[in-house]
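A quick write-up on the structure given underneath.
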């Protein structure tokens, strides 16, 4: 089977990664994806956004409508549709675009910040969203990218979890999005206002990601809301090939997962023909060792899937949304409860999370997973490596965080100052927990 284009990293720091395929042409316009510029994680970028005051007001009214009544509201559920796009002018480190599209994004994060009255909201840019109104922007890209997302690092005093987790996954060869820190200034008619420091992220549904990781961009990309207890088409939202009524790749994976395990070898062969099992087990090990409750096993979201045409359509697991990584789930029943084996080896997981339960019930996959758990404590998550990287990132963004103001921040200065120490202690505790789990305590 074909090996996807992968990150080549030193074990010490994921910033030493070089990316194969990072200059592949984007089919939307033949531009070159400038990874070395846009996702240079050694600097803090600056993004300026200019929009009409009336559009800004309309965005606020749209949010209010989405998160009130049946659309969510305080303590309510997620909005039933995406927020609206408005046209904006962009300038990223001097690279300018006109008539790009901007909208708010997210569910619980967007709802929480909206209810707090915080303007540091997560958002998405689509560079040719308004091509119907402005034909000259058809296929427009920013340094080779048509779409970008911006995370405000909600519930993260360190402002590092999103970036560090993505870097960590990438260091273990997983198809994680590239990222960089970006100061965002927005002018809604009264001059530029600092909305704060964001983590700018590569969008997995954009062509450059698929070219970089897989060497092709023709497959089905999904952003699911599914626990895999069965195939429900509506739970696997397509982000590419939307007009083609074909979910056969992911449907085959779900069916293979639920096939009889009476003949274990035959079951494994059937599953591996349609699903990248090794990639999922690697993700599960790294995710479990660092601790990330807001992911599969606790939540039926925060991942993408790609049916890779160059690997006979096999489904590949893509990690996503890590602002609550390396933290315990709040409230009773959080994922800090239970024994070390329950937390690391998921010995109490039920059939409601079949990708974990059925794979780890197989003795071959259980052994592979244990090896991946051990591996996940090395390299970028080693106790003598990770704290130094976190400190380096902390120092890079300190001035940007200190410049944030009330109503446009998702951290506290005291929490930010203490965050590297807290994360270092967390890393040490996870290493101890893995040791306990391996020894059967």
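Within 23 Å of the chain's Cα centre (by Cα), modelled with pLDDT under 95, surrounded by 17 or more Cβ atoms within 10 Å (Cβ to Cβ) and in the same structural domain as residue 143 (by TED's automatic domain parsing), is that true of residue 80?
no
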Among (1) modelled with pLDDT of 90 or more; (2) buried (at least 17 other Cβ atoms within 10 Å of the Cβ); (3) part of a loop (DSSP other than H, G, I, E, B), which single condition is residue 59 missing? (3)
Considering each of 404, 392 in turn, give the residue that is in a loop (DSSP other than H, G, I, E, B), surrounded by 13 or more Cβ atoms within 10 Å (Cβ to Cβ) and outside the structural domain of residue 276 (by TED's automatic domain parsing). 404
Which of the strands (runs of 3 or more DSSP E) found entirely inside the range 91-191 contain at least 1 residues meeting this: without any contact (Cβ under 8 Å) to a residue 40 or more places away in the chain and crowded, with 19+ Cβ neighbours inside 10 Å? 95-104, 123-126
Residue 350 - would you say it is modelled with pLDDT of 90 or more and either more than 23 Å from residue 439 (Cα to Cα) or assigned to a loop (DSSP other than H, G, I, E, B) (or both)? yes
Please state which one of 319, 330 is at negative phi and at pLDDT below 95. 330
Which condition number in (1) touching a strand residue (DSSP E or B) at 6+ places or on another chain (Cβ under 7 Å); (2) not in a loop (DSSP other than H, G, I, E, B) is the one that residue 427 fails? (1)
Over the range 295-307, the set of residues touching a strand residue (DSSP E or B) at 6+ places or on another chain (Cβ under 9 Å) and part of a loop (DSSP other than H, G, I, E, B) is 295, 296, 298, 300, 301, 302
Here the residues within the range 246-291 that are within 23 Å of the chain's Cα centre (by Cα) and outside any helix (DSSP H, G or I) are 247, 275, 276, 291
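The values are calculated or read from the model by the stated rules, or taken from the named source; none is laboratory data. For clarity, every value in this text was computed on a predicted model and none was experimentally measured. Every residue, glycine as well, gets a Cβ built from its backbone with ideal geometry; the counts of neighbours run over all protein chains shown.
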